[in-house]
Amino acid sequence: MASGSELTSNAYLQHHLQNLVLGKLPGGYERADGEILDHASWTLARSSQEALDMGFWAINVDTMGWSIFLGTVFCFFFYRVARAAQSGVPSGFTNLVEMIIEFVNKNVNDIMSVKNPLIGPLALTIFIWVVLMNTMDIVPVDLLPIIAQFVAGDSDLYFKVVPTTDPNITFGLSIGVFILIIYYSIKMKGIGGFASELALQPFGKYMIPFNLILEGIGLLSKPVSLALRLFGNLYAGELIFLLIATLMGSALPFFIGIIAGGVLQFIWAVFHILIVLLQAFVFMMLTIVYIAMAHEHH
């Protein structure tokens, strides 16, 4: 979306679905605005093609910033509640935090057959952190990007505010869970037990290649399904918010479009609250289930 160009619906959607990417471009590279770099340099991408050309080591600044900020908010408030906790009937925010902790502990205790002091805090962290990241989807789609553009003094600045609409975040979370699955599988069963579980199940020693294919696909599907389920639901929700904004703005007169779009946005936001909470709950529950399975012998 270049300065001075007409803002079409397609340009609006592409602009809102593009991350603020920091990466390195090589010397001699011709940028989107016609500038040619004299030497290789780290810079913010000015187009989706530039972001692609920055390669693997590019950083989605908005995704990293919001996810770290929301994680810090979670740690700060829960730390304050833990410090202020005392005997007696809790009230206010302390009561809410204790209800959440009891809810998470109940699910962990119902699923885990083996006591593991790590799983409760892990499940709580995943649930609250994903809820906070998902909740950014309820913020009006143009509000924070416009503020970011104003602060940066760049009307074309890319800025996404929902970390879970970035597959880098969802795969980062799911790969972390996958590492724990492998760790506890080896810890509880030994390397030989884990290897034999992959090679000898479900059809015995005479079908080892077939067993490895089936069990390998089943193992690898866990992080992939975790990541894509969360990403797909939140990305689709964000896209619907954007489509409502573009359709109402282009199909109706200005003031009528604002009113109709605002009503539809509000209705979808109310419904979307269920998706925000449900996807966080599903991610937490599947994490507990997968790690509980890693603790069990076949």
**Least to most buried among 277, 118 (fewest other Cβ within 10 Å first)** = 118, 277
**Asked** Classify the range 150-219: rounded, prolate or oblate, from the alpha-carbon gyration tensor (a ≥ b ≥ c, eigenvalue square roots; a/c under 1.5 rounded; otherwise prolate if a/b is larger than b/c)?
**Response** prolate
**Item:** Extreme residue, positive dipole direction of the chain, given options 40, 157, 138 (C-beta unit charges)
**Value:** 138
**Item:** Cα-based reach from residue 205 at 20 Å (exclusive), listing lysines while leaving out same-chain residues under 8 positions away
**Value:** 189
**Prompt:** Given N residues in the chain, what is Rg(Cα) / (2.2 N^0.38 Å)?
**Reply:** 1.21
**Asked** Contour minus end-to-end for residue 275 and residue 116, with contour as 0.36 nm per residue of separation and end-to-end as the Cα-Cα distance?
**Response** 54.3 nm
**Prompt:** Okay, helix-only estimate at 222 nm for the chain: each DSSP H run of n ≥ 4 adds -39500 (n - 2.57), divide by all residues, round to 500 deg cm²/dmol; what do you get?
**Reply:** -24000 deg cm²/dmol
**Message:** Once you place label points 7 Å from the Cα toward the Cβ at residue 289 and residue 56, how far apart are they in nm?
**Reply:** 3.3
**Complete:** Any helix of the chain counts here only if DSSP assigns it H throughout, its Cα atoms span 15 Å or more along the axis, and its mean Kyte-Doolittle hydropathy is at least 1.0, and such helices are 61-84, 119-135, 167-200, 208-251, 254-295
**FRET efficiency estimate (nearest 0.05) - Cβ-Cβ, residue 75 to residue 182, R0 41 angstrom** = 0.95
**Asked** Once the piece of chain linking residue 49 and residue 149 is laid out straight, how much longer is it, given 0.36 nm per residue of separation minus the C-alpha distance between them?
**Response** 34.0 nm
**Asked** Taking the Cα centre of the chain as origin and charging only Cβ (+1 Lys, Arg; -1 Asp, Glu), how large is the dipole, in debye to the nearest 20?
**Response** 1180
**Request:** For residue 296 and residue 42, calculate 0.36 nm times their separation in residues minus their Cα-Cα distance, and state this gained length in nm to one decimal.
**Result:** 86.7 nm
**Asked** In nm, to one decimal, how far is the residue 91 label point from the residue 207 one, both placed 7 Å along Cα→Cβ?
**Response** 6.4
**Prompt:** How would you order 143-156, 282-295, 178-191 from highest to lowest mean count of nearby Cβ atoms within 10 Å?
**Reply:** 282-295, 178-191, 143-156
**Item:** Rounded Å value of the spacing that divides the Cα centres of the range 107-163 and the range 170-194
**Value:** 24
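FYI, it's all coordinate maths here, none of it is from the lab. Quick caveat, the model's predicted, so the values are computed rather than measured. FYI the Cβ positions are ideal-geometry reconstructions off the backbone, even for glycines, and counts take in every protein chain you see.
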